[in-house]
Amino acid sequence: MSHHPHHASPASAMNRRQWLTRSSAGLAGALGTGSLANLMMASAASAQSSDYKALVCIFLYGGNDGLNTIVPTDTARHNQYKAVRSGLHLPVANLVPLTGVSYGLHPALAGLSAAWGDGKLAPVFNVGTLYKPLTKAQFRAEPDSSDLLPDNLYSHSDQQNLWENGTTDTLTRTGWGGRASVALNTANPVISVGGSARFGLSDTQSPLVLPERPGDVFGAYNLQPADLTYATNAARKKAIDTLYAESQPLDLANAFTAAQRNAFSVSDRLGALVKVKPGSDTAFAAIDAAFAPLKKADGTLTTGMARQMYQIAKMVFKRDTVLGSRQVFFAQMGGFDTHGNQLVTGSPTEGEHARLLKELGDALGAFYTAMKAIGMSDAVTAFTQSDFGRTFTPNNSTGTDHAWGNQHLVIGGAVKGGATYGTYPTLELAGPDDVGVDSWERQGRWIPTTSVDQYAATLLGWLGVSDAQLLNVLPNLKNFSTKKLGFV
C-alpha cells in the first residue's frame, strides 16, 4: 500500500493540540529559530523582487505508471508497446497528441494540452535513483548490497525517501528541497500543502505545512485577529505572547519559545491568505476563473490536487505577503500503487489510473492557466516525482508492479517544451534497459538513464542554486558528466 513519510513536530509533547488547529499544530516545530531569523531579515524589497521564482514539486505516491502516462506513437514502438501491454495498452487514437514528437499523453491528461501547445510542457524520460551511470552488465554483476545500487529498489518507502532526499542512502534525513532552501537562504522553508514530507527537511528546519483546503483556519483557534475583539480571547493572547517573550533558563526552552513566537508570526501573516477560497475575494478573480471548471455547485473544489494547486497559486499571487524572491512548494497525490484495476479493458479513459491522471492533469492545467493569467508563468516551474515506474508487463490483476526508471513531466513558462528530454527506454523485455535476463524476471523494470540528481540539478539551477552549491545539495551529482538536462 502506498504511503509517504511524516515527521512528528519536535514540540508535539507540549500538547498544543488543545488550542491549535491541525495545520498549525506542526508549525512551531516545523519552523526552527533559523527560519525566524530569515523571516525577520526578509525585506519588502526582496519580497516584491521582479526576479521571483518558484518550484512546485508534485509527488505521486505509490509509483505512477509512466509507460501509460507518455506513450510512443510511431508505428514500430507502439506495436512493441501494444504487444507487451496487451489489455493495458492505450491506442494511438485515444492519446493526447504531442505535436512535433512521436509521443502522446494518456487521454486523462487532456488538461495539459494547452501547455504543450504553448511549448511549455516537457516530458523527461527514464529518470530514477542512481549513484552513478549504470549499465545492465554492471547491474547484473553487483550484489544487492553494493554501494553502486540505490538502497532497497522497488520498496515504496525507501524509494520515496531517495527521490525526496536526492541521494541513494535511505538514512539521509534531509530532502533536496530543504537543502536547496538553505543554500538560497530563502525567507521561508519549503511550503507544503501536502503534509510534512522528507523533501522539505533541512538540518535546521522542517517544511511549513499549510492546510490543503482553501478556507481552513491556519493558526490558533479563538486567537485569530477577528477573535481578539472579545476581551477573554485578547487577554489570553496577551498572556501567551508574554510567556513566549520571556527568557528561559535552558537553551532548549528558549528555542521552543522562539519557535512558538515564529509560529504566531507566520500564522498572523498567512492566515488570511489561507482562508481565501474560490469566490470569496475578487482580488483572486483571475485564479478563480482558471479553476472554475474544477468547482462544485457549492463553490468548493472537486479534488485534493485542485485544492492544493489553488493554495499554491494564491501564495504565488500574494508573494509580497509570503515574502522572499525564491520559494519551493510541495504538493502530493496518493493512490498510484496500481497493482489492480489500472485500466478497464477496452476503455482507455476508464480505470483507476485514468481517474488519478485526470485529477492531476486537470489541476495542473488549471494552475498553469492561473499562472499565465496573473503574469507569473515564466517565474513558476512545476514538476512531478514518484517512487518508481511500473513493470512493462501487466500482472494478472489488470495492473502493474513495482519497477525503477520512470517518465516525468515539467510544466511552466520557463520550460523549453515542444521537445522531450532523456532517453526513452528500449521497449524490449530482457533488452539493454531491462534489469531482467531469465524468463521469470523479464518484466521491463528499466535501469534509469537519467538520475534524480540531474533532474533536480536542472530545476535548482534555474531557481538560482549555483553549480558549487548543487554539488552540496545533490551529493551524487559529481558522478555524472552531464549535470543539467536543459529543459528549463
- Note on the structure: Two pseudo-spin positions, 7 Å from Cα along C-beta at Ala76 and at Asn152, lie apart in nanometres by 4.1
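From the Cα gyration tensor of region 310-396, with a ≥ b ≥ c the square roots of its eigenvalues, which class applies: rounded if a/c is under 1.5, or else prolate if a/b is larger than b/c, or else oblate?
Details: a/c = 3.50, a/b = 2.37, b/c = 1.48.
The shape class here is prolate.
Within 10 Å, count the other beta carbons around each residue, average over each peptide in 302-312, 76-86, 241-251, and list them highest first. The partial results should precede the final answer.
Numbers: 302-312: 24.3, 76-86: 15.9, 241-251: 10.2.
Result, highest mean Cβ count within 10 Å first: 302-312, 76-86, 241-251.
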- So for His408, His89, fewest C-beta neighbours within 10 Å to most, what's the order? His89, His408
- Message: Can you match mean projected area of the Cα convex hull in nm² to one of these, [x] 28.6; [y] 24.9; [z] 23.6, based on a calculation from the structure here?
- Response: [z]
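Classify region 338-383 as rounded, prolate or oblate, taking a ≥ b ≥ c as the square roots of the eigenvalues of its Cα gyration tensor: rounded when a/c is under 1.5, otherwise prolate if a/b is larger than b/c and oblate if not.
Here region 338-383 falls in the prolate category.
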- Message: Taking the number of other C-beta atoms within 10 Å as the exposure measure, put Ser481, Ser280 in order starting with the fewest.
- Response: Ser481, Ser280
- Low-density loop positions, GluC sites (Glu not before Pro), region 316-410 - DSSP coil, at most 16 other Cβ in 10 Å: Glu350
- Query: Going by how many other beta carbons lie within 10 Å of each one, how would you line up Asp65, Asp151, Asp227, fewest first?
  - Reply: Asp227, Asp151, Asp65
- Take the Cβ-Cβ distance between Gln138 and Ala283 as r, set R0 to 56 Å, and report the resulting FRET efficiency rounded to the nearest 0.05. 0.50
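At 222 nm, what helix-only mean residue ellipticity would the chain give, in deg cm²/dmol to the nearest 500, using -39500 (n - 2.57) for each DSSP H run of four or more?
Dividing the helical sum by the residues of the chain leaves -10000 deg cm²/dmol.
Quick note: the coordinates plus some simple rules give every number you see, no bench work behind them. The shown structure was predicted, so the numbers you read here are calculated from the model rather than taken from an experiment. Using ideal geometry, Cβ is built from the backbone for each residue, glycine included, and neighbour counts are taken over all protein chains shown.
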